[in-house]
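A short worksheet on the structure shown next.
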Amino acid sequence: MKYNKICVIGLGYIGLPTASTFAMNDVEVLGVDISPTIIETLNRGEIHIHEPGLPEIFANAVKSGKFKAALKPEEADAFIIAVPTPFKENETGSYNGATYKLADMRAVTAAAEAIVPYLRKGNVVVLESTSPPRTTFDLVAPILEKSKLKSGTDFHLCYSPERVLPGQILRELIENSRVIGGVTPESAKAGADLYSIFVKGQIIQTDATTAEMVKVMENTYRDVNIAIANEFSRLADKFGVDVWEAISIANLHPRVKILSPGPGVGGHCISVDPWFLVEAAPDLTPLIYHSRQVNDSQPHFVVDVVKRTLGSLNGKKIAALGLAYKPDVDDLRESPAVEVVHLLEKEGAQVLACDPFKPDANLHGITIAPTFEDAVQNADALLFLLKHTEFMQLNPETVAQKTTARTLIDTVNGWDAAPWQNAGFRVVKLGSGKLK
Ligand code: SAJ
């Protein structure tokens with residue numbers, strides 16, 4: 001099948017790199033988004049997100065004349081839906097007294113509806129957004145069939161999850177294996193042809209529901225494994241054991257690979273997707289449910305560590321360093337670091353937060369310092385919440401001159417204690433088992 005023109009709906013962290021990569025491979029791409037600001041920014045040749053390598057690829061895509069952005073789709077050979085599937089903010093489900101979060105599928109619904117007027121025989125439609133199993137068959141197909149065309153017969157319909165790691169999206173988009181689930185085997189084949197334009201990794205064809213399940217299983221697997229690492233950090237602390245040392249020794253076992261504890265699990269993927277399974281089958285998912293609970297409560301453990309280090313937090317000045325959900329990204333969605341700051345403030349602490357990737361962040365109830373220097377200047381303690389490269393490269397002696405703080409709390413095992421101790425800091429690590 002020949003793909004001369006494609007329409008990518010949703011120009012965020014996945015849609016924009018995907019659209020740019022297709023355009024770089026000589027396909028005419030119309031990028032669609034509901035935000036006029038995003039469309040204007042992109043059509044000016046600028047981008048609205050931070051992702052290493054994206055500015056260069058996007059600039060080339062624009063220069064080639066193959067990419068343009070618009071608020072509405074147009075007729076095309078293929079349509080890719082890459083819109084967010086967060087959870088609902090103001091509504092939860094409940095099972096046996098336990099509450100769980102619900103998937104908000106409004107953006108997927110709106111994107112599918114936007115395609116309907118432009119859908120033609122022989123087109124391929126691919127849903128990439130992470131979705132609860134059966135979404136392609138039960139939600140997307142019926143909307144697209146309002147066009148009077150039948151999925152799997154008149155047009156092809158697939159589910160192909162993005163599985164790229166923020167921070168490494170451009171490379172992983174091309175090199176990772178890609179699963180394409182079709183509503184029919186012919187649809188899967190058409191979807192595989194589409195992605196073979198740029199995917200160098202293996203392309204696996206299956207049915208749409210299996211592909212949906214694969215995606216949520218991967219992120220749920222990681223969530224459960226991070227939860228056990230976080231639970232180990234609390235246990236180690238209780239037993240006076242350094243969790244980092246214990247994990248590094250346990251990981252010498254050939255069949256053990258414990259992940260890293262930290263302030264919790266954030267981002268729009270791992271902290272959200274497991275809920276899709278809980279919502280679909282709360283009676284079958286106690287482990288997944290409890291893992292979510294453990295990871296969501298980890299910011300409380302961080303605050304407990306800060307309290308045991310500093311005593312009462314009332315009036316204490318804390319520099320919270322790093323607000324993103326993980327190192328070297330500018331994405332604050334579901335960030336546990338943000339939750340830590342809120343909890344510290346509830347305890348009466350005066351927190352100045354800073355993130356070099358989001359110096360202009362605007363978060364309700366959080367005071368953002370424009371620079372690291374401003375954040376640390378009058379602090380009683382430095383609380384490192386993320387291993388941003390910029391933080392890792394700090395020189396302890398230089399920092400000591402810039403701050404009144406002499407306590408450093410490391411929640412991610414990012415800093416070798418000795419040089420900081422030599423520079424006059426007391427160093428406390430989450431899960432180090434040394435606090436009373
Ligand atoms: N984290 C820990 N300990 C660890 C690893 C991660 O606390 O040992 C935390 C991070 O700090 C972060 C969160 O977990 O807050 C998630 O980070 P991540 O790097 O594990 O994953 P994401 O959310 O950036 O990307 C994931 C990836 N999925 C898997 O690794 C199975 C990626 O491949 C997916 O494409 C992406 O979700 C997605 O879009 O679904």
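What follows is calculated from the coordinates using simple rules that are stated; it is not laboratory data. Since we're looking at a predicted model, the values are computed, not measured. So basically every Cβ, Gly included, is an ideal-geometry build from the backbone, and we count neighbours across all protein chains shown.
Values computed for the structure shown
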| quantity | calculated |
| --- | --- |
| Length-normalised contact order of the range 281-374 in % [C-alpha pairs under 8 Å, at least 6 apart] | 25 percent |
| Charge sum, other residues only, whose C-beta stays under 10 Å from L170's C-beta, Lys/Arg counted +1 and Asp/Glu -1 | -3 |
| Burial order of peptide ranges 193-199, 260-266 (average beta-carbon count within 10 Å, highest first) | 260-266, 193-199 |
| Rounded if a/c under 1.5, otherwise prolate or oblate - the range 234-316, Cα gyration tensor axes | oblate |
| Of G424, S20, V126, farthest towards positive along the dipole that unit charges on Lys, Arg, Asp, Glu beta carbons give the chain | G424 |
| Positive-end extreme of charge dipole, the range 239-429 - chosen from W244, H300, L352 (charges on Cβ) | W244 |
| Sum of side-chain charges, T209 neighbourhood, beta-carbon under 10 Å (Lys, Arg +1; Asp, Glu -1) | -2 |
| Where trypsin sites (Lys or Arg not before Pro) fall in DSSP loop in the range 112-145, at most 10 other Cβ within 10 Å | K121 |
| Anisotropy class of the range 5-208 from Cα gyration tensor, a/c 1.5 cut | rounded |
| Within the range 101-174, GluC sites (Glu not before Pro) in DSSP loop having at most 13 other beta-carbon neighbours inside 10 Å | none |
| Percent antiparallel among DSSP beta bridges (both partners in the chain, rounded to 5) | 15 percent |
| Total charge dipole magnitude, the chain, about the Cα centre, Cβ charges on Lys, Arg, Asp, Glu only, Debye to nearest 20 | 440 debye |
| Per-selection Rg to Rh, the chain - Cα, Kirkwood hydrodynamic radius | 1.01 |
| Calculated from backbone phi, Karplus (6.51, -1.76, 1.60) coupling profile of the range 336-341 in Hz, x at Gly/Pro | x, 5, 5, 5, 4, 4 |
| Rounded Å value of the spacing that divides the Cα centres of the range 15-74 and the range 381-410 | 37 Å |
| Under-5 Å amide H pairs with I80, H placed in peptide plane, nonlocal only | C7, V8, I9, V126 |
| Phi to ³J(HN,Hα) by Karplus 6.51 cos²θ - 1.76 cosθ + 1.60 over the range 21-28, Hz, x for Gly, Pro | 5, 4, 4, 5, 9, 6, 9, 6 |
| Among A280, A61, A69, residue whose mean-square fluctuation peaks in a GNM of the chain (springs only between Cα atoms under 10 Å) | A280 |
| Of K88/K387; K66/K200; K5/K200; K121/K146; K63/K215; K238/K402, pairs whose Cα-Cα distance is over 24 Å | K88/K387; K63/K215; K238/K402 |
| Proxy reagent accessibility, fewest Cβ within 10 Å first, across W415, W275 | W415, W275 |
| GNM flexibility winner over the chain from L352, L259, L382 (Cα, springs under 10 Å) | L259 |
| Ascending count of other beta-carbon atoms within 10 Å, so fewest first, for H388, H50 | H50, H388 |
